[in-house]
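Remarks on the structure that follows.
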Amino acid sequence: MNTKATATKAKETAEKAKDTAGKAETTAKTAAAGAATSAAHTAHVAADKAQVAAGKAVTTGRTVAAEAPKKAAAAAGSAWVAIKARKVLAAVAGAGAPRGRHHRVVLRRRAARRRRPLARLTGGRLGS
C-alpha cells in the first residue's frame with residue numbers, strides 16, 4: 001500500500017508540475033505578445049515624430065525659398081537708389097556736409113519709392 005500511495009502522490013505532483021508549466025508557458029506568451037505590442041507602439045510613435053519633423057523642415061525650406069527673392073530684390077532696390085542718388089551724394093560730400101546727411105537723402109528717396117502713386121503725387125498727404 002505504501003508503494004501505491006507513493007506512486008499516486010508522484011502522479012499528482014507530476015500533474016501539478018505539468019499545470020504549472022502550462023501556466024508559465026501562457027504567462028510567457030502573454031509577456032511576449034505585450035512586448036511585441038509595446039515595441040510596435042514605440043516604433044509607430046517614432047515614425048509619427050519623424051513625419052512631423054520632416055513636415056516642419058519642408059515648411060521651413062519653403063519659407064526660406066519664398067523669402068530669398070524678396071530679400072534679393074530689396075538689396076537690389078537699395079543699391080539702385082544709391083546709384084540714382086550718386087549725384088546728390090557727391091554734392092553733399094563735396095560741400096563738406098556731415099556724413100549722416102547723405103544717408104538721410106538715400107533713405108528719403110527709398111521711402112518715396114515705396115509710396116503709392118497718389119501719395120507720391122501729393123507728397124504723402126493722400127493715399128499713404
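The values are calculated or read from the model by the stated rules, or taken from the named source; none is laboratory data. Small disclaimer: the values here were computed from a predicted structure and weren't measured. Note that we place each Cβ from the backbone using ideal geometry, even for glycine, and neighbour counts take in every protein chain shown. Note: accessible area is taken over every heavy atom of the protein model, side chains too, but ligands, DNA and RNA are not part of it. Shrake-Rupley method; radii C 1.70, N 1.55, O 1.52, S 1.80 Å.
Cβ-Cβ below 9 Å, separation at least six or inter-chain, first residue in region 51-79 and among the hydroxyl-bearing types (S, T, Y), second surrounded by 10 or more Cβ atoms within 10 Å (Cβ to Cβ): which pairs?
S78/V106; S78/R110
Modelled with pLDDT of 80 or more and basic (K, R): is that true of R62 in this structure? Before the answer, list the steps.
Working: modelled with pLDDT of 80 or more: yes; basic (K, R): yes.
Yes; evaluated as a whole, the condition is true for this residue.
If the requirement is being modelled with pLDDT of 80 or more, assigned to a helix (DSSP H, G or I) and open to solvent by less than 90 Å² (accessible area, probe 1.4 Å), which of these qualifies: A40, A82, A73, A7?
On the way: A82 fails: modelled with pLDDT of 80 or more; A73 fails: modelled with pLDDT of 80 or more; A7 fails: modelled with pLDDT of 80 or more.
That would be A40, the only listed residue that is modelled with pLDDT of 80 or more, assigned to a helix (DSSP H, G or I) and open to solvent by less than 90 Å² (accessible area, probe 1.4 Å).
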